[in-house]
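Worksheet: the structure to be examined is printed underneath.
Read-outs: derived from the displayed coordinates by stated rules, not from any lab. This one's a predicted model, so the numbers in the text were calculated from it and none came from an experiment. Cβ atoms come from the backbone with ideal geometry, glycine included; neighbour counts cover every protein chain shown.
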Amino acid sequence: MAPDKHSPIGIIDSGMGGISIWTEIIRAMPHEDVVYWADSANCPYGGRTKREIVSLVEVGVETLMRKGVKIIVIACNTATTAAIGTLREQWPEMPFVGLEPAVKPAAQSTRSGVIGVLGTAYTVNSEMFRHTAEKYASHIQVIATAGNGLVEQVENGRENAPETEILLRRYIEPMLAAGADRLVLACTHYPLLVEPIRRIIGDREMEIVNPAPAIARHTLELLRERGLLTDRTKQGEHDFLSSGTEHDIRQLRTRAEQYRNKLNETENREQK
Ligand code: DGL
């Protein structure tokens, strides 16, 4: 059966990172059903080859298509960089939303003329990233750093562990020392590290650029254009699937709810 407006939205990531996108999607579209696929058994993707990543993401896409999804959000910069072209060719009927490092808004808003970009080794060393940086940021200095080890820390629930902060410090301090006033989070796992990142920045002037809310808005617009937004008024259902174990699925659900609650609390506090 072809997907219709009541079909679910599909989200893919190598693991927990897509939670940062999932949260914004369900906040923007609370009545939509959402199915999340985490390739926990093969995470991280960041050190893999293009060929490996493409075939892993294809498995995720096929799994979500069997669930009848109406759109697929590739909630992973690495997977987007490696596979989005192939996916669009292979499934021309399926709308895909991809994630590219948010260099453009950072380059437009920087005052110091220096921005930092933190992504996986695959993303920051890719041709796609070089093009994006050339297109939007040739007039400024871009410090792109591979956040090796960070995805593993998030997967293991060690966001606030001392060794995570040591890693983050190693990547972010040189950006700050060079005068960067924007930090682009170019891996969807990194918004889950926003607390230690804020601790490192302290009172220095550096704004964190997280593309998740913009991706959710873009997904909503795409669905609206295609007449694919649900008109149901009940709360949407949230399904989690993983190539890993039952434990991975439980973890995913718990961490997703925790992240969503934390984000809501922070916003409520800021509004008061
Ligand atoms: N969340 C993925 C990204 O945005 C993590 C990649 C990985 O598994 O290394 O790049």
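The table that follows gives values for the structure above.
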| item | result |
| --- | --- |
| Test: residue in the range 88-100 that is within 25 Å of E24 (Cβ to Cβ), surrounded by 17 or more Cβ atoms within 10 Å (Cβ to Cβ) and among the charged types (D, E, K, R) | yes |
| Residue in the range 204-217 that is away from the ligand (no atom under 16 Å from the Cβ), among the polar types (S, T, N, Q) and in contact (Cβ under 8 Å) with a residue 40 or more places away in the chain present | no |
| Every residue from the range 141-153 that is part of a loop (DSSP other than H, G, I, E, B), surrounded by fewer than 23 Cβ atoms within 10 Å (Cβ to Cβ) and near the ligand (Cβ under 10 Å from one of its atoms) | N148 |
| Matching entry among A79, A137, A177 (being hydrophobic (A, V, I, L, M, F, W, C), touching a residue at least 40 places away in the same chain (Cβ under 8 Å) and out of contact with any His (no Cβ under 8 Å at 6 or more places or on another chain)) | A79 |
| Residue in the range 235-242 that is surrounded by 12 or more Cβ atoms within 10 Å (Cβ to Cβ), under 30 Å from C43 (Cβ atoms) and touching a Lys or Arg at 6+ places or on another chain (Cβ under 7 Å) present | yes |
| Filter result for the condition that a residue is within 20 Å of the chain's Cα centre (by Cα) and exposed (fewer than 14 other Cβ atoms within 10 Å of the Cβ), over R130, R66, R111 | R130 |
| Set T49, T81: member being surrounded by fewer than 23 Cβ atoms within 10 Å (Cβ to Cβ), of a type outside the set (K, R) and more than 17 Å from P191 (Cα to Cα) | T49 |
| All positions within the range 135-170 that are among the hydroxyl-bearing types (S, T, Y) and closer than 19 Å to M16 by Cβ | T164 |
| Residue match in the range 124-136 (condition: within 16 Å of the ligand (Cβ to nearest atom), among the small types (G, A, S), under 15 Å from T78 (Cβ atoms) and in a strand (DSSP E or B)) | no |
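Conditions tested, residue by residue: (1) touching a strand residue (DSSP E or B) at 6+ places or on another chain (Cβ under 9 Å); (2) not aliphatic (A, V, I, L, M).
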| site | (1), (2) |
| --- | --- |
| R182 | yes, yes |
| L185 | yes, no |
| Y190 | yes, yes |
| E195 | no, yes |
| N210 | yes, yes |
| L222 | yes, no |
| K234 | no, yes |
| F240 | yes, yes |
| R260 | no, yes |
